[in-house]
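To keep things clear, I will list the structure first and then write my remarks on it.
The values are calculated or read from the model by the stated rules, or taken from the named source; none is laboratory data. In this text, all values refer to a predicted model and were calculated from it rather than measured experimentally. With ideal geometry, Cβ positions are generated from the backbone for all residues, glycine too; neighbour counts draw on all protein chains shown. SASA here: full protein model, heavy atoms, side chains in, ligands and nucleic acids out. Shrake-Rupley method; radii C 1.70, N 1.55, O 1.52, S 1.80 Å.
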Amino acid sequence: MVSVITYGRNDSYGYNLAKRAALSINCIAHLLDDRDDEIIFVDCNTPNDIPTFPESIADTLTTKAKQLLRVLRVRPDQYERGKNGSKFKVLEPLCRNIAIRRSNPANRWILNTNTDMVFTPLQPNTSLSRLVADLSDGFYELPRFEMPESLWESTDRMNPAETIDHFRLWGLRLHINEVITAGKEILFDGPGDFQLCLRSQLIDIHGMNEQMVLGWHVDSNLCKRMWLLNGETRTILDRMYAFHCDHTRIQTVYHVAGKSTANSIDDFFTNVKTPYIPEQAFCWGMPEEPVEEFRLLDSYTKRMAIVLEGILPGMQQPLSHIAIAGNAFDASLYYDDQHVFPYLADIIVNSPPSSNVGYLGNNLAMLQMLADFRKGLGHLGIISYMEDLLLLEGTNRNLHVPETCCPLNEEDIYRTCETFVFDFGMKNFPSRINYDGFRVPEHCRIVGEFARMISRTIKHYAEREQQALQKGVLLRPFIFVGCHNTWFDQYVQSLFGCALTPTSTYVRHGFFRVDALEGSPPVMTLHPYFIGDMVEEFVGWISARIGKPISVREFIAADVLYKMFTTEKDKKKALDVFETLINLEAGQGLLALEIEIAEINGVPDLAEGLRRFIANYQKRAYRNG
């Protein structure tokens, strides 16, 4: 009989959005009893890594509401294609048209409304379905009565029958039922909260006007066009009242007094001469776009737990313990796969089912769980992995790579994937136990090469994201596993705006920072993975370089001189310090170490500058005095 159409986004639009939306949806569902009735919610432009708005309030919806509710998810990239240049994050006519296009063709009526409305039949225990069953063809409006926020907040969102009774009583008892009339085309002020249309007529006139890319007057435009089509606008005020849950206690983009975000009333109402919009006759409602649809059944809302339970074996002991006291730096590179995976899955679960994921790392067990998880969700997108990283120096070669994964090079992964997972796990490479008992990477070539390759790819992708941003293309999400309290962490956060997630998750995620590549580019600290970062390790490197042992005291003295040389602003004093430094064996070794560190960390200009200074000094030996 009726398709009720609403729309929104998982944000905080107006005051107490979750309460008023659940209250409204539950009350509308309570009034529907025809077998073909439905409520369609178009979730528009919610970020890919979070659930839709109906999912976020599912536990506050009645069983009947969840049975009637169809959720159509319009992803951000789809919204970009359909928003017609709108500056807003949600576009009402586009959302309604997507729903109209996909509504149940068995239903005679479509009710355009919003998730802040409560309808009260004048005759108790009468359904909306029965109220409209015998209506004559036409277009129907209702005035809306403003229900104060403190009143609707006091109701029980899970008891729609009681709420409807309260609203019916308060309207009369508290002097709320005031009708504000308007012109013959719209009849009442604020006509968009109850617009009952024949489905066939909405389709005939090409839906809502998608040229209306600002706010306001979308409802008035429909009124004018329906009036031109039918010759009148009718009302069912003798059968039902409509109450609006006021939410202007907190200002929104559309409700700031004195600021206009309105479509032109002249263009879209006063001067409208025809009900039809031939310009969008074949494209309204994005008919060729595959729009995700689901219902709030347990099999969907609890899908993450269901799939994870099929992948993870469960803990053998009730507790696991990880210490952070002492020198635990870089210990996160040896995270527990099964502990960390639920936090990675928590980000992946809401991604588009058809999207491709790029995996860049060396942990085949994590890649296997990621493939199993997406398969369990029914996702059809491919997981592409960078073979040079996954199979670095023979690691993982004798193990089975999931069939749903395919090897691609660095550039093709960026070009074809919508989400990127960078996994810093190093459990396949040489490690050692540090003096506080933590497992950390051994200082060696393979460890350093892995760190160099993965950090270089991160920078490359950041540069590509900057180019995409300049072209107006949507940025893509990046996920970093094993990042916390490592040398990678500062580098990642200098390039990507990441949430400060708890240490126990071992996962960071975010998008490219728009200011990341302004000025000097960030430098990844790589030398700890090749040489080390402790004084004793520097002493060992220098001793090996000069062919004789030096003491820690000699190294510290040389290091103090080097810092004085690099910070001294007086040229003569700096040269005096340098001459003292270069005449020490430990000093010569330290200069060689600084050149080596600069080259390892990808700052060749610094290395070459120091090398050239030493050569010039030796050509014209400087003498004190």
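Report, to one decimal in Å, the Kirkwood hydrodynamic radius for the stretch 43-128 based on all distinct Cα pairs. Don't jump to the answer; show the numbers that get you there.
On the way: mean 1/r = 0.0656 Å⁻¹.
Evaluated on the stretch 43-128, it is 15.2 Å.
Where in the chain are the DSSP H helices whose alpha-carbon span along the long axis reaches 15 Å or more and whose Kyte-Doolittle mean is at least 0.0? Present the calculation step by step, with values, prior to reporting the outcome.
Details: long enough: 17-30 (19 Å, 0.74); 160-173 (19 Å, -0.44); 218-230 (18 Å, -0.05); 337-348 (16 Å, 0.42); 364-377 (20 Å, 0.69); 445-470 (37 Å, -0.68); 535-546 (16 Å, 0.70); 552-567 (22 Å, 0.61); 571-582 (16 Å, 0.13); 585-600 (23 Å, 0.75); 604-619 (22 Å, -0.73).
Result, helices passing both filters: 17-30, 337-348, 364-377, 535-546, 552-567, 571-582, 585-600.
Which value in deg cm²/dmol, rounded to the nearest 500, describes the helix-derived mean residue ellipticity at 222 nm for the chain, given -39,500 (n - 2.57) per DSSP H run of n ≥ 4 and division by the residue count? Walk me through the numbers on the way to the answer.
Values: 24 runs with 246 residues, N = 625.
Taking each H run of at least 4 residues, the total per residue is -11500 deg cm²/dmol.
Using C-alpha positions alone, give me the convex hull volume of the chain per residue in cubic angstrom. Walk me through the numbers on the way to the answer.
On the way: hull volume 133.6 nm³, N = 625.
Cα-based convex hull of the chain, divided per residue, equals 214 Å³.
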task = Whenever you get a sec, compute what percent of the accessible area on the chain sits on carbon and sulfur atoms (1.4 Å probe).
result = 52 percent
inquiry  = Over 23 Å apart: what share of the alpha carbon pairs of the stretch 300-522 falls there, rounded to a whole percent?
reply    = 47 percent
query = Taking the stretch 378-409, which GluC sites (Glu not before Pro) meet the DSSP loop condition and have no more than 15 other C-beta atoms within 10 Å?
reply = 403
ask   = Size of the dipole of the stretch 488-622 about the Cα centre, Lys and Arg at +1 and Asp and Glu at -1 on the beta carbon, nothing else charged, in debye to 20?
value = 360 debye
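Based on the Cβ-Cβ distance from residue 130 to residue 464, what FRET efficiency comes out when R0 is 56 Å, to the nearest 0.05?
Numbers: r = 58 Å, r/R0 = 1.04.
The computed FRET efficiency comes out at 0.45.
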inquiry  = A 28 angstrom limit on the alpha carbon distance is what I want to check against. Which of 64/89; 375/427; 302/427; 83/471; 83/273 exceed it?
reply    = 64/89; 302/427
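Please list 178, 149, 309 from largest to smallest accessible area, probe radius 1.4 Å, with all protein chains kept in place.
From most accessible down to least: 309, 178, 149.
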inquiry  = Skipping prolines and chain starts, which residues have an amide H placed within reach, meaning under 5 Å, of the one on residue 431, given they are 5 or more residues away or on another chain?
reply    = 442
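Projected area of the stretch 2-294, taken from the Cα convex hull and averaged over every viewing direction, in nm²? Before the final figure, lay out each step's value.
Working: hull surface 57.1 nm².
The Cα convex hull of the stretch 2-294, projected and averaged over all directions, gives 14.3 nm².
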Radius ratio Rg over Rh of the stretch 526-572, counting only Cα atoms, Kirkwood formula for Rh = 1.07
request  = Using only Cα atoms, locate the centre of the stretch 286-357 and the centre of the stretch 25-97, then give the distance between them in Å, rounded to an integer.
outcome  = 25 Å
task = Enter the accessible area per residue of the chain (Å², integer; probe 1.4 Å; all protein chains in place).
result = 46 Å²
key: the stretch 534-622: radius of gyration and largest Cα-Cα distance (Dmax), Å   = 12.7, 35
request  = Sort out the exposed loop trypsin sites (Lys or Arg not before Pro) in the chain (DSSP loop, at most 13 other Cβ within 10 Å) and tell me the longest stretch that has none.
outcome  = 472-568
query = In the stretch 286-310, which residues have a backbone nitrogen under 18 Å from the label point lying 7 Å from residue 380's Cα in the Cα-to-Cβ direction?
reply = 287-295
Selection from 155, 263, 353 lying farthest towards where the dipole of the chain points positive, charges on Cβ = 263
key: Antiparallel bridge percentage (DSSP; both residues within the chain; nearest 5)   = 40 percent
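Would you list 495, 575 from the most to the least accessible area, probe 1.4 Å?
Numbers: 495 0, 575 35 Å².
Heavy-atom accessible area, descending, gives 575, 495.
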task = Among 300, 286, 316, pick out the residue whose Cα is farthest towards the positive end of the charge dipole of the stretch 280-341, where Lys and Arg carry +1 and Asp and Glu carry -1 on C-beta, about the Cα centre.
result = 316
message = I'd like to know which of 589, 530, 615 lies farthest towards the positive end of the charge dipole of the stretch 530-625, counting +1 on Cβ of Lys and Arg and -1 on Cβ of Asp and Glu.
response = 615
request  = For the stretch 534-622, compute the number of Lys pairs whose alpha carbons are separated by less than 29 Å, excluding pairs fewer than 8 positions apart on the same chain.
outcome  = 10
